[in-house]
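In what follows, a single structure is set out as structure tokens and then discussed.
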Amino acid sequence: MDSMDAYLTLIHSLSSTLRQGWLDLASARHSMGASRINTVLLDHKVHPAATSLLVTQDEGKVDSVEPHFTLCKWASSGNGKCSPEEAKSSQDKLHPQLRHRGSSQLYEEKTLSEDKASHELDDQVQKERLKSLSVFGALVSPKLRTAQLSFETALETLVEIANMRSSMLCAFDKVHKKLGSSEG
């Protein structure tokens, strides 16, 4: 029941995020003018995807075939693969690790290197965001940037929904198999 509640909460969050994104986009179009935010400005050539979805099997469970979805965005768009930092940060959100006591110097060094890699990744993401909005001119409305962030958040929420649904379906299959084997 908790999983279903979390699933429905994610669906509601997706709905409100998309609604806010569309409102921000409409507001940006109104403030910048319909001629500056228009599909005619878009380049219709074939481009590599700025965001892709990586599907892996959950290795932690032997008898499970539960797929795990990871969003690979912006920084990994050049090579078409998720960067290790991106996949790890996505995994850490879903499966948080415990902190270990002792050896604080080693932990601090590891944290500093992770922060540096994260900062470089954030810089690359920011550059890619600006590059994608440059189609609409040098000075874009803040509402257009907000709309972009809303739609990115919606993509992340969709991946969370897919992972939640996957885990619920896997749990349902386990219960169904257990009930089927106890009846026979």
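Residues whose amide H falls under 5 Å from that of H68, counting only those 5 or more places apart or on a different chain, are T56, Q57, D58, with hydrogens built in the peptide plane.
Residues in the stretch 40-47 carry Karplus couplings, in order, of 5, 6, 6, 7, 8, 6, 6, 10 Hz; the curve used is 6.51 cos²θ - 1.76 cosθ + 1.60 with θ = phi - 60°, and Gly or Pro positions show x. Shape of the stretch 9-58 from its Cα gyration tensor (a ≥ b ≥ c, root eigenvalues): rounded if a/c is under 1.5, otherwise prolate when a/b > b/c, or oblate? Verdict is oblate for the stretch 9-58. Model label points for V65 and L42, set 7 angstrom from Cα along the Cα-to-Cβ axis, are 3.6 nm apart.
Estimated at the nearest 10 Å², the accessible area of L149 is 80 Å² with a 1.4 Å probe. Counting 0.36 nm for each residue step from W22 to E120 and taking away their Cα separation leaves a gain of 32.3 nm.
The values are calculated or read from the model by the stated rules, or taken from the named source; none is laboratory data. Predicted, not measured: the structure shown is a model, and the values here were computed from it. Here the Cβ is made from the backbone with ideal geometry for all residues, glycine too, and neighbour counts use every protein chain on show. These accessible areas exclude ligands, DNA and RNA; they are computed on the full protein's heavy atoms, side chains included. Shrake-Rupley method; radii C 1.70, N 1.55, O 1.52, S 1.80 Å.
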